[in-house]
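Enquirer: I have a structure here, written as structure tokens, and I will follow up with some questions on it.
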Amino acid sequence: MQPIYVTKPYLPPLDEFVRLLEQVWESRILTNNGPFHQQLEGRLQDVFDSPHVSLTNNGMLALTTAINAAQLEGEVITTPYSFVATTHALALEGLTPVFVDIRPSDLNIDPDLIEAAITERTSAIVAVHVYGNPCAVAQIEDIAARHNLKVIYDAAHAFGVRYQGRSLLSYGDFGALSFHATKAFNTFEGGAVVSREAEGKRAVDAVRNFGIADEVNIPVVGTNAKMSEINAAFGMVQLEHFEDVRRRRRQIDTRYRERLSAIEGIDLVPIPDGVESNFSYFPIMVRDSFSLSRDALYEALKAEGIYSRRYFYPLLSSLPMYADLPSAAAGRLPQAERAAAQVLCLPIYPDLTDADQQRIVQAVIDHARQ
Ligand code: T4K
């Protein structure tokens, strides 16, 4: 039996990429805001409904660059239920994460719990659109406005997602995306920051390029978070195929929902009304009433060559560098603990064949019967 991994990157026909590579060989512009970089930033303005797009070399640096540009300090309210990059980005910037529990409906930060966590040291809310499902953007915006906080969305999973007729990236002061190989839109490695204001983009662009303003002026501290021409050229090709990729992912998502929704002890995470998803993950919740624990099902599938993943486990608040924070204390994050103990992401990617998807579905059904 061939192994089936949780994802497999979409790759376009190679010759389409080679044609653009020939132009790179011709120009010898390899990086530093070259022609493909500029073209891709321009094209993505339409995708994100924003004129203020800044490409980066990965999602982690998109986050730290946005945090720098927003000039955060002190405490930042965030979710414990995410990939480790979210909290590490705060810690690397010298900020104190303050964990707030998630809501079970979509596994995003619970907006009703945010205000109780705000102190005089709080400078921002860094929330995550987990699996591309929108946070409570209106409520979060309202809280932020009333308490004078910045809002940064970790939108690593949200490429192409639209909410109430707008790109999900058009919400918040900054949104940070990942174009990693495992994402719905990939440039091998890559990412972007979408800024609400022109001033935000100027700050992001400076931080992304060592803080350099011009040949002799370096007014701010910065890093190197620039995307290369190779990655940007690849992004131009990938963009042509994104809607086909989304279509195929939607078919797989629909089929999973049809075949798994009636299984006792398996709950599916709904795509909320008003959302046009990118279908980048297919999380199931393995409840206590299922015949196996989540971990037992994970191992059983693995033994059959099906490599599901526990995105997101372990909970970030349980990691050694965060576990002693007051907000990580036992019993404070019950919904996030439950989600981290029960979630399993099943394989979903455009090249997943119907036969392989049926093999996955059948394996889950077989274990339900045991
Ligand atoms: N914020 C959030 C909410 C995130 O989820 C992420 C990243 C970030 C920020 C940071 O963005 P980046 O700095 O990464 O751009 C993966 C990814 O490395 C990571 O990008 C992603 N989130 C996270 C959720 O998952 P792993 O350690 O699970 O990946 P890995 O290497 O085990 O890959 C999973 C499967 O995909 C493999 O079993 C096989 C397949 N695969 C993977 C790669 C890399 C391929 O077929 N080809 C490949 O090139 O972390």
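Enquirer: Look through LEU319, LEU333, LEU315 and report the one residue that is at pLDDT 95 or above and touching a strand residue (DSSP E or B) at 6+ places or on another chain (Cβ under 8 Å).
Expert: Working: LEU319 fails: touching a strand residue (DSSP E or B) at 6+ places or on another chain (Cβ under 8 Å); LEU315 fails: touching a strand residue (DSSP E or B) at 6+ places or on another chain (Cβ under 8 Å).
Testing whether each residue is at pLDDT 95 or above and touching a strand residue (DSSP E or B) at 6+ places or on another chain (Cβ under 8 Å) leaves just LEU333.
Enquirer: Further, regarding this structure: Does any residue of segment 352-369 turn out to be more than 22 Å from the chain's Cα centre (by Cα), among the small types (Gly, Ala, Ser) and buried (at least 19 other Cβ atoms within 10 Å of the Cβ)? Walk me through how you get there before you give the answer.
Expert: Taking segment 352-369 and keeping what is more than 22 Å from the chain's Cα centre (by Cα), we get 353-369.
From the residues that got through so far, the ones that are among the small types (Gly, Ala, Ser) too are 355, 363, 368.
From what is left, the residues that are buried (at least 19 other Cβ atoms within 10 Å of the Cβ) are 363.
Yes, some residue in segment 352-369 is more than 22 Å from the chain's Cα centre (by Cα), among the small types (Gly, Ala, Ser) and buried (at least 19 other Cβ atoms within 10 Å of the Cβ).
Enquirer: So which of ARG146, ARG247 is modelled with pLDDT of 95 or more and either closer than 26 Å to ASP15 by Cβ or in contact with a Cys (Cβ under 8 Å, 6 or more places away or on another chain) (or both)?
Expert: Values: ARG146 fails: either closer than 26 Å to ASP15 by Cβ or in contact with a Cys (Cβ under 8 Å, 6 or more places away or on another chain) (or both).
None of the other options fit; the residue is ARG247.
Enquirer: Then there is this: Output the number of residues of segment 243-269 satisfying the condition of being in contact (Cβ under 8 Å) with a residue 40 or more places away in the chain and closer than 26 Å to GLU337 by Cα.
Expert: 8
Enquirer: Being within 16 Å of LEU44 (Cβ to Cβ) and buried (at least 21 other Cβ atoms within 10 Å of the Cβ) is the filter here; which residues of segment 158-170 pass it?
Expert: ALA158, PHE159, GLY160, VAL161, SER167, LEU168, LEU169
Enquirer: For segment 335-344, does any single residue satisfy the condition of being more than 16 Å from the ligand (Cβ to nearest atom), closer than 18 Å to VAL128 by Cβ and of a type in the set (Lys, Arg)?
Expert: Yes.
Conditions (1) more than 16 Å from the ligand (Cβ to nearest atom); (2) under 19 Å from LEU107 (Cβ atoms); (3) of a type in the set (D, E, K, R); (4) surrounded by 14 or more Cβ atoms within 10 Å (Cβ to Cβ), marked per residue:
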| site | (1), (2), (3), (4) |
| --- | --- |
| SER261 | yes, yes, no, no |
| ILE271 | yes, yes, no, yes |
| LEU301 | no, no, no, yes |
| SER317 | no, yes, no, yes |
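Enquirer: Please name all residue pairs, on different chains or six or more residues apart, with Cβ atoms under 6 Å, provided the first residue is in segment 172-195 and is within 13 Å of ALA158 (Cα to Cα) and the second residue is β-branched (Val, Ile, Thr) and within 8 Å of the ligand (Cβ to nearest atom).
Expert: THR182/THR7
Enquirer: Among the residues of segment 125-163, write down those that are more than 16 Å from the ligand (Cβ to nearest atom) and small (Gly, Ala, Ser).
Expert: ALA136, ALA138, ALA144, ALA145
Enquirer: A further question on this structure: Need the failing condition index for VAL194 against (1) within 17 Å of ILE77 (Cα to Cα); (2) more than 10 Å from the ligand (Cβ to nearest atom); (3) of a type in the set (Val, Ile, Thr), just the number.
Expert: Among (1) within 17 Å of ILE77 (Cα to Cα); (2) more than 10 Å from the ligand (Cβ to nearest atom); (3) of a type in the set (Val, Ile, Thr), the lone unmet condition for VAL194 is (1).
Enquirer: In segment 47-69, how many are among the small types (Gly, Ala, Ser) and more than 23 Å from GLU243 (Cα to Cα)?
Expert: The number of residues fulfilling the criteria is 3.
Enquirer: Next up: Mind checking which pairs have a first residue in segment 295-323 that is over 30 Å from VAL76 (Cα atoms) and assigned to a helix (DSSP H, G or I) and a second that is away from the ligand (no atom under 16 Å from the Cβ) and among the aromatic types (Phe, Trp, Tyr), Cβ under 8 Å, 6 or more apart or different chains?
Expert: From residues that are over 30 Å from VAL76 (Cα atoms) and assigned to a helix (DSSP H, G or I), the pairs are LEU297/PHE290.
Enquirer: Scan segment 60-70 and tell me whether some residue there is under 23 Å from GLU189 (Cα atoms), modelled with pLDDT of 95 or more, buried (at least 16 other Cβ atoms within 10 Å of the Cβ) and away from the ligand (no atom under 16 Å from the Cβ).
Expert: Checked segment 60-70: at least one residue is under 23 Å from GLU189 (Cα atoms), modelled with pLDDT of 95 or more, buried (at least 16 other Cβ atoms within 10 Å of the Cβ) and away from the ligand (no atom under 16 Å from the Cβ).
The values are calculated or read from the model by the stated rules, or taken from the named source; none is laboratory data. This structure is a prediction, so every number in the text was calculated from the model and none was measured. Cβ coordinates were reconstructed from backbone atoms using ideal geometry, including for glycine residues, and neighbour counts include every protein chain displayed.
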